[in-house]
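Student: I am attaching a structure below and will ask some questions about it afterwards.
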Amino acid sequence: MTVRVRLAPSPTGTLHIGTARTAVFNWLFARHQNGQFLLRIEDTDKERSKPEFTQNILDGLQWLGLDWDEEPVIQSERIESHRQAISQLLDQGLAYRCYASEQELDAMREAQKASGKPPRYDNRHRHLSAEQEEAYRAEGREAVIRFRIDDEATIAWTDMVRGPMQWRGADLGGDMVIARRAPANTVGDPLYNLVVVVDDAAMAISHVIRGEDHIANTAKQLLLYQALGLTCPTFAHTPLILNPEGRKLSKRDGVTSIGDFQAMGYTAEALANYMTLLGWSVPEGMEERFTLREAADVFSFDRVNKAGAKFDWDKLNWLNAQVLHGCSPDELLEVLEPRWRQQGWVASDPVWANDLAVLLGPSLTLIEDGVTQAQPFFEEPPLEEDGLKQLEQAGARPALQALLSALELNPWDGLDVERAQTLLKEAAATADVKKGVLMKSLRAALLGRLQGPDLITTWALLARLGNDRQRLRRSL
């Protein structure tokens with residue numbers, strides 16, 4: 001059997017990290033099994049589905065490095081197949097039209113709530129006679145179509161993550177709506193549980209891998225597979241991604257869109273690596289930093305946890321820093337220069353830009369840090385509080401004046417560390433201050449603050465642009 005799995009996102013919003021993690025697990029399983037990873041765009045919510053969301057999902061998956069093996073299936077283009085399946089169920093007596101109005105259903109739920117019962121459809125129109133149906137039609141009532149669920153039925157399957165699973169028909173909320181309300185002689189818009197079954201069967205999906213919030217849907221869908229005479233896939237229900245408080249990660253927790261992570265400066269490699277760790281434990285001897293291909297070589301569902309996975313920003317930041325620290329200057333510039341250009345910064349000398357990337361690389365956690373930390377090299381920075389305090393220290397200004405005077409006599413535009421040390425030593429002696437005072441004061445003069453990358457390299461880069469003397473004059 002060829003393993004065929006699918007991701008089936010709804011284009012009603014941008015690519016969410018939960019959907020992306022589901023995509024990662026599907027992709028890893030398919031690649032490990034030499035199978036196929038497919039996409040289906042579930043765009044049947046006509047009001048909320050938008051082409052720009054579809055494009056965002058496709059772009060996000062590609063950015064993460066998740067390739068798919070066939071053209072994406074567009075669910076709305078298959079609506080006739082869905083309606084045919086509903087007609088088949090109606091013809092077999094396995095589905096029926098329910099004419100209960102929304103007001104009647106609301107009253108039913110309120111009565112159930114008042115008596116302490118869980119809300120469920122009471123199957124009131126399951127056995128309507130032809131005369132009763134005709135009477136409802138004469139009133140002009142529209143009808144939903146419901147699939148019959150036997151309360152005595154036992155639905156069982158073996159889940160690749162959770163092992164043996166079992167549900168009772170009585171726990172599924174009564175007969176299930178499979179088509180929206182429509183005139184009684186028509187079939188309304190088919191609904192999720194029905195269309196998923198029909199589409200997965202048509203796509204020959206062998207394994208359905210999705211979040212644990214779909215477990216109840218799986219029980220319903222297995223009944224539909226059986227009723228329609230279709231082969232059931234194998235199911236795997238992965239743990240949810242949780243916030244630090246242990247609740248399902250949502251928009252209220254801030255960043256959840258893959259595009260947001262990208263904009264913040266996370267790399268695709270680090271984010272894909274981290275999402276794999278959200279619910280999957282690496283085999284013994286394997287490091288927690290890896291590529292998707294390396295994970296695919298060893299991926300299996302017996303190492304996927306049942307418990308929810310808490311999102312850990314520190315772990316993601318560590319992974320991202322590891323990726324950035326391993327980049328060559330050329331690789332860093334490839335991601336940094338477009339962000340610099342957005343700020344209006346252009347490095348006219350490629351060697352200078354390369355040297356700046358070498359300087360900044362070891363201190364980056366996010367790509368965006370390479371914008372913040374590069375700013376003083378392109379724009380004169382403001383003097384911050386700690387920088388001003390340092391310039392007010394005894395001996396700071398005389399030492400900087402001595403250094404500036406030496407530079408005015410013989411400007412330094414090279415990367416000679418030895419000469420830089422000599423200049424600092426001589427200026428400190430001239431001003432009769434400790435060398436450390438001068439170095440702190442020089443950092444404040446060049447960067448506006450006391451925190452920053454290696455001082456000598458920073459000074460050398462600014463000197464090559466002639467900016468070191470200008471900033472020394474300002475500080476004085």
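Student: Summarise the accessible area of the chain (1.4 Å probe, protein heavy atoms) by the percent that is carbon and sulfur.
Tutor: So the carbon and sulfur contribution to the accessible surface is 48 percent.
Student: Now, a different point. Roll a 1.4 Å probe over the protein chains and send me the accessible area per residue for the stretch 309-461 in Å².
Tutor: It amounts to 50 Å² per residue over the stretch 309-461.
Student: Using unit Cβ charges (K, R positive; D, E negative) and no other charged atoms, how large, in debye to the nearest 20, is the dipole of the chain about its Cα centre?
Tutor: That gives the chain a dipole magnitude of about 900 debye.
Student: Now a separate question. Would you mind working out the magnitude of the charge dipole of the stretch 276-364 relative to its Cα centre, with +1 at each Lys and Arg C-beta and -1 at each Asp and Glu C-beta, to the nearest 20 Debye? List each step's numbers first, then the result.
Tutor: On the way: 8 positive and 14 negative charges, 87 e Å.
Using only the charged Cβ atoms, the result is roughly 420 debye.
Student: Which value in deg cm²/dmol, rounded to the nearest 500, describes the helix-derived mean residue ellipticity at 222 nm for the chain, given -39,500 (n - 2.57) per DSSP H run of n ≥ 4 and division by the residue count?
Tutor: Dividing the helical sum by the residues of the chain leaves -14500 deg cm²/dmol.
Student: Rounded to whole Å and ordered largest first, report the semi-axes of the equivalent ellipsoid of the stretch 370-446 derived from its Cα gyration tensor (root of 5λ).
Tutor: Working: eigenvalues 90, 61, 20 Å².
In descending order the semi-axes read 21, 17, 10 Å.
Student: Quick one: helix 79-91 against the long Cα principal axis of the chain, what's the angle to the nearest 10°, folded into 0 to 90?
Tutor: Long axis of 79-91 versus the principal axis of the chain: about 30 degrees.
Student: Sticking with this structure for a sec: Binning every alpha carbon pair distance of the stretch 198-250 at 5 Å from zero, what are the percents per bin?
Tutor: It works out to 5, 18, 24, 22, 11, 8, 8, 4, 1, in whole percents.
Student: Now, a different point. Dividing the convex hull volume of the Cα atoms of the stretch 333-407 by its residue count, what figure in Å³ per residue is obtained?
Tutor: 132
Student: Residues of the stretch 1-143: accessible area per residue at 1.4 Å, in Å²?
Tutor: Accessible surface, normalised per residue, equals 52 Å².
Student: Using only the Cα atoms of the stretch 230-307, build the gyration tensor, take square roots of its eigenvalues as a ≥ b ≥ c, and label the shape rounded, prolate or oblate: rounded if a/c is under 1.5, else prolate if a/b is larger than b/c, else oblate.
Tutor: Oblate.
Student: Continuing with this model, one more query. Per residue, how big is the convex hull around the C-alpha atoms of the stretch 241-369? Give it to me in cubic angstrom, could you?
Tutor: It is 120 Å³ per residue.
Student: Before anything else, pin down the relative contact order of the chain: Cα pairs under 8 Å, at least 6 apart, normalised by residue count, whole percent.
Tutor: 13
Student: Another question about this same structure. Please name which of LEU222, TRP345, GLY174 has its Cα lying farthest along the dipole of the chain towards the positive end, using unit charges on Cβ (Lys, Arg +1; Asp, Glu -1) and the Cα centre as origin.
Tutor: Going by the Cα projections, it comes out as GLY174.
Student: Further question: Cα convex hull of the stretch 1-97: how many Å³ per residue? Working shown, then result.
Tutor: Details: hull volume 12.7 nm³, N = 97.
Given the Cα convex hull of the stretch 1-97, per-residue volume reads 131 Å³.
Student: Continuing with this model, one more query. Output the pairs from LYS251/LYS306; LYS50/LYS310; LYS251/LYS310 with a Cα-Cα distance over 21 Å in this structure; if there are none, say none.
Tutor: Values: LYS251/LYS306 23 Å; LYS50/LYS310 31 Å; LYS251/LYS310 15 Å.
Pairs exceeding the cut-off: LYS251/LYS306; LYS50/LYS310.
Student: Follow-up. Round to the nearest 10 and give me the degree value, 0 to 90, for the angle of helix 455-464's Cα axis relative to the longest principal axis of the chain.
Tutor: 80
Student: Putting +1 on Lys and Arg Cβ atoms and -1 on Asp and Glu Cβ atoms, find which of VAL73, LEU316, SER250 reaches farthest to the positive end of the dipole of the chain.
Tutor: SER250
Student: Checking a compactness column here: for the chain, what do you get for Rg(Cα) / (2.2 N^0.38 Å), N being the number of residues?
Tutor: 1.40
Student: Once the Cα atoms of helix 17-32 and of the chain are each reduced to a long axis, what angle between those two axes, in degrees from 0 to 90 to the nearest 10, is obtained?
Tutor: The answer is roughly 80 degrees.
Student: Something else about it: For the stretch 342-476, what does the relative contact order come out to in percent, with C-alpha contacts under 8 Å and a separation of six or more?
Tutor: The value is 33 percent.
Student: Then there is this: Find the relative contact order for the stretch 29-170 and round it to a whole percent, using C-alpha pairs within less than 8 Å whose residues are 6+ positions apart.
Tutor: 19
Student: Within the stretch 374-476, which trypsin sites (Lys or Arg not before Pro) sit in a loop by DSSP and count at most 15 neighbouring Cβ atoms inside 10 Å? Could the numbers behind the result be given before it?
Tutor: Values: sites: LYS389, ARG419, LYS425, LYS434, LYS435, LYS440, ARG443, ARG449, ARG464, ARG469, ARG471, ARG473, ARG474; in loops: LYS434, ARG449.
Here the sparse-neighbourhood loop sites are LYS434.
The values are calculated or read from the model by the stated rules, or taken from the named source; none is laboratory data. Just so it is clear, the model here is predicted, and its values are computed rather than measured. Here the Cβ is made from the backbone with ideal geometry for all residues, glycine too, and neighbour counts use every protein chain on show. For accessibility, only protein heavy atoms count, side chains too; no ligands or nucleic acids. Shrake-Rupley method; radii C 1.70, N 1.55, O 1.52, S 1.80 Å.
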